[in-house]
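Novice: Once you've had a glance at the structure underneath, I'll fire off some questions.
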Amino acid sequence: MNKIAIQVQQVFEDRFGDAPDHLIRAPGRVNLIGEHTDYSEGFVMPVALENAIWIALRPRADQRVVLHSLDFGETADLNLLEPQKHEKGWQEYLKGIIWVLQEEGWELTGWEGVMSGDVPMGAGLSSSAALEMSCLRAFTEVSEILWEPQTVAKLAQRAEIEWIGISCGIMDQLISACGVAGHVLFIDCRNLKIQSVKFPEEIRIIILDTKIRRSLIDSLYNERHSQCMQAANILGKPVLRDANLTELEDQSSNLNTLLYLRARHVISENIRVQQAVEAIGNNDLNYLGQLMRESHTSLRDNFEVSNSNLDTMVECSLSTPGCLGARMTGAGFGGCAVAIVKKEHEENFINLVRNCYRKKSGLDPEIISCIPSDGVSRLAPMT
Ligand code: GLA
C-alpha cells in the first residue's frame, strides 16, 4: 500500500484510538495540452497523477469536522452548524466544500480524519483541486450524498470560485474526479463529455518543477479570465469556444492588441487540443510534440503567462535527446513544465535537463516521471 496511505491510517489510530472507517485518495493533475481554454468552454487534455491527497476518516456523532493535516501540522476543528468564517490557508478549501454542500441543501454528517499528500503545492499540479475533491469525497462517504463525478466536480469548482475567489474552469476538479490509469482524458469543457485516450507506452510524461512560485497568481488568473470574456463579447460570441480564427482576423480591428492576442491563444489552443487527440490516435508522437511546442509559444507570446524560468525549462527539455515536445503547464507564472520523452531516453533526459536548468537558473528543479493514474477513489482501510 502507498506510504502516505499507511501513514495517515497510523496517525489516525494514534490520535483517535481506533482504525479509520474510510480511506480516500484524490489525485493532482498535469495538463498535456489545452491551457487556459476551460473557462472559455474549450478543450483540455489532462492526466491524473499518482501524486495525491489521502484522508483516513470516520464519521462523528456530533456536527463537527476535525481534520488533522500532517503536512501543515495543524488541525481544523469546524462546527457544521455555525457559518464558516473566511480566513487564509488550507482550511479554506475544506470550509468552501462545507459551504457549497450546505448551499446545495445537503444535510452533512460530521467526521474526523487525518490528511497528507504528495502533490507539490503551488506548482500548477492542482493540489487545491485534490484537497477539495478529497474533502468532498469524505463527505459523500459519511453523508448520504451521491458521488456523480461531473456533478461533484462542478460543486468543487463553485467552491473555488465563490469561496476561494478564483474564477477557475472545470478542468482540475474534473480530472481529479475522472482520471483513468494509463490514459489522458480529452475533455470538452462545454458539455463535460470525456473521452479517455490510451497514452502510448513508448512515451513518458515528465513533469519539471521550476521551483518558482508567484504570489499574485490569483489576480493575474482572474484578469486573464476577464480578458477572454471581453474578447468574446466584442466578437459577439458567448465565449471564445464559439469563435474561429477567420472571425478573429475579420474583426481584429475591433479588438485592442492585448485582447486580440488573448483570443488568438484560446482559439488556436482549442484547435491544437483536437489535433493532439488525432495525433495520439494515429501514433504520430512527433506531431503531438510539435503541438506542445506551439502551445508553449502561444502561452508565452499571446497569453503571456509563462516566465523566464518556464521558458528556460522548456528550452533545456527541447534541446535534450529523446524529447518530443515540452511546454509550461497549469495556470503559469511559475510552477511546472511538462515534456514528452521517448521511454529509452527517460533517465538520461532527467539528468541532462536537471543540469541544464541548474546551470542556467541556479535553482534545483524537482522532476517527476508521471504515471497516468485513476481519479478519486476509496480504498479499503488496513485492518
Ligand atoms: C488553473 C485552473 C484551471 C485552468 C488552468 C489553466 O489550473 O484551475 O481551471 O484554467 O489553470 O489551463
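Novice: For the pair L70 and D14, how long in nm is the line joining their label points, each one 7 Å along Cα→Cβ?
Specialist: A separation of 0.9 nm, rounded to one decimal place.
Novice: Report Rg(Cα)/(2.2 N^0.38 Å) for the chain, keeping two decimals.
Specialist: In units of the 2.2 N^0.38 Å rule of thumb, it is 0.99.
Novice: Further question on the same structure: Would you list L288, L81 from fewest to most Cβ contacts within 10 Å?
Specialist: Ranking L288, L81 by Cβ neighbours within 10 Å, fewest first, gives L81, L288.
Novice: Could you work out how far the C-alpha centroid of the stretch 57-101 sits from that of the stretch 162-234, in angstrom?
Specialist: Cα centres, the stretch 57-101 to the stretch 162-234: 26 Å.
Novice: Further question on the same structure: Taking square-rooted eigenvalues a ≥ b ≥ c of the alpha carbon gyration tensor, is the stretch 139-297 rounded, prolate or oblate, where a/c under 1.5 means rounded and, failing that, a/b exceeding b/c means prolate?
Specialist: Note, shape of the stretch 139-297 comes out oblate.
Novice: Can you pull out the cysteines in the chain that have no other Cys Cβ under 4.7 Å?
Specialist: Among the cysteines of the chain, those whose Cβ sits 4.7 Å or more from every other are C135, C168, C178, C189, C228, C323, C336, C370.
Novice: How high is the FRET efficiency between R378 and E346 when r is their beta carbon distance and R₀ equals 30 Å, given to the nearest 0.05?
Specialist: Rounded to the nearest 0.05, the efficiency is 0.40.
Novice: For the stretch 1-126, what ratio Rg/Rh do Cα atoms give with a Kirkwood hydrodynamic radius?
Specialist: Dividing the radius of gyration by the Kirkwood radius yields 1.01.
Novice: Any idea what diffusion coefficient the stretch 147-229 gets from Stokes-Einstein, in µm²/s, Kirkwood Rh on alpha carbon pairs, 10 °C, 1.306 mPa s? All intermediate terms of the calculation are to be shown ahead of the outcome.
Specialist: On the way: Rh = 15.0 Å.
Here the translational diffusion coefficient equals 106 µm²/s.
Novice: Ok, one more. Report ³J(HN,Hα) in whole Hz for each residue of the stretch 65-76, in order, from the Karplus equation J = 6.51 cos²θ - 1.76 cosθ + 1.60 where θ = phi - 60°; Gly and Pro get x.
Specialist: Along the stretch 65-76, the couplings run 10, 10, 10, 9, 9, 5, 6, 9, x, 9, 10, 8 Hz.
Novice: Could you calculate the FRET efficiency of L220 with D62 from 1/(1 + (r/R0)^6), where r is the beta carbon distance between them and R0 is 41 Å, rounded to 0.05?
Specialist: Details: r = 42 Å, r/R0 = 1.02.
The pair L220/D62 has a calculated efficiency of 0.50.
Novice: I would also like to ask the following. Counting only C-alpha contacts under 8 Å and six or more residues apart, can you give the relative contact order of the stretch 39-163 as a whole percent?
Specialist: 33 percent
Novice: What is the local net charge at R64, summed over the other residues whose Cβ is closer than 12 Å to its Cβ (Lys, Arg +1; Asp, Glu -1)?
Specialist: Residues near R64 contribute -3 overall.
Novice: Please work out whether the stretch 213-284 counts as rounded, prolate or oblate from its C-alpha gyration tensor, where a ≥ b ≥ c are the square roots of the eigenvalues and a/c under 1.5 means rounded, while otherwise a/b larger than b/c means prolate and anything else oblate?
Specialist: Because a/c hits 1.5 or more and a/b fails to exceed b/c, the stretch 213-284 counts as oblate.
Novice: How much length would be gained if the chain were fully extended between I371 and S196, taking 0.36 nm per residue of separation minus their Cα-Cα distance, in nm to one decimal? Provide the component values of the computation, followed by the final result.
Specialist: On the way: separation 175, 0.36 × 175 = 63.00 nm, distance 1.48 nm.
Contour length minus the Cα-Cα distance gives 61.5 nm.
Novice: For the stretch 103-189, state the semi-axes of the equivalent ellipsoid (square roots of 5 times the eigenvalues of the alpha-carbon gyration tensor), sorted largest first and rounded to whole angstrom.
Specialist: On the way: eigenvalues 85, 49, 43 Å².
Over the Cα atoms of the stretch 103-189, the semi-axes work out to 21, 16, 15 Å.
Values quoted throughout were computed directly from the atomic coordinates according to the rules given, and no laboratory measurement underlies them. Predicted, not measured: the structure shown is a model, and the values here were computed from it. Methodologically, a virtual Cβ is constructed for each residue, glycine included, from the backbone with ideal geometry; neighbour enumeration extends over all protein chains shown.
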